[in-house]
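Since the structure comes first, as structure tokens, the remarks are kept for the end.
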Amino acid sequence: MKNLMIKFIISSIMITTFCACSLKTNKADTFMKAKVDAETSMATHLMTKSKQDSLTPSQILQEFKDGNERFNSGTVTQRNHSEEIRKIATGGQFPKAIVLSCVDSRVPVEDVFDQGIGDVFVGRVAGNFVNIDLLGSMEFACKVSGAKLIIVMGHQNCGAIKGAIDDVHLGNITSMLANIKPAVAMS
């Protein structure tokens, strides 16, 4: 799994603190306490308009870098996705950024950046190139919903890039790869 992780050059230091409680109880009590602690320590935040407005693109980029560092070190934020979905369904959406990514199933964007539900728009297409539909989606994310940062995220071992290099011809894949071929020709 380690070789599938997306790594970025990050010049920041992450400080993680852990709190521990010690109680003298039997094993069943200890198990129940650990379960309750885990549930209550999960992040259940929501991006609000005021939080979104207060962030700068530089702050958001740093949050994504820090989140990627947590992902790579295995110390991601524990989240209660069910609760986040219930809370966000009743209000608007105010993502911080939009990420253009490949469709590769091994690269879960929110996880790679340790972001919660509602924090980021994700546009995905094999080879992570921009077409008119993705440009429209980015305009919606930024101009309508207030996202302040666009990230274009590539990854290692991309099948679409390999297909463009190998000049694959197959149904609709052929025209899709035509969008990538100019970059291949430049290399």
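What follows draws every value from the coordinates through simple rules; no lab data is involved. Small disclaimer: the values here were computed from a predicted structure and weren't measured. Because the Cβ atoms are built from the backbone with ideal geometry, glycine has one as well, and the counts that use them run over all protein chains shown.
Annotations
- Taking θ as phi - 60° and the Karplus parameters 6.51, -1.76 and 1.60, the scalar couplings of the stretch 177-185 work out to 5, 4, 6, 9, 4, x, 5, 5, 5 Hz in sequence order, x denoting glycine and proline.
- Gyration tensor verdict on the stretch 27-156 (Cα atoms; rounded if a/c is under 1.5, prolate if a/b is larger than b/c, oblate otherwise): prolate
- Between Ser50 and Val152, the contour length at 0.36 nm per residue exceeds the alpha carbon distance by 34.2 nm.
- 5 angstrom amide H check on Arg79, placed H, neighbours 5+ away: Ala43
- 3J(HN,Hα) from dihedral phi, the stretch 90-96, Karplus parametrisation 6.51/-1.76/1.60, rounded to Hz, x for glycine, proline: 8, x, x, 10, 9, x, 6
- Relative contact order (%) - criterion: Cα under 8 Å, at least six apart; region: the stretch 27-156: 30
- Residues Lys181, Lys148, Lys143, arranged from fewest to most other Cβ atoms within 10 angstrom of their Cβ, appear as Lys143, Lys181, Lys148.
- Amide H within-cut-off set for Arg124, under 5 Å, with H built and near neighbours excluded: Ser101
- Amide H to amide H distances under 5 Å link Ile151 with Ile98, Val99, Leu100, where only residues 5 or more positions off or on other chains count and H is placed in the peptide plane.
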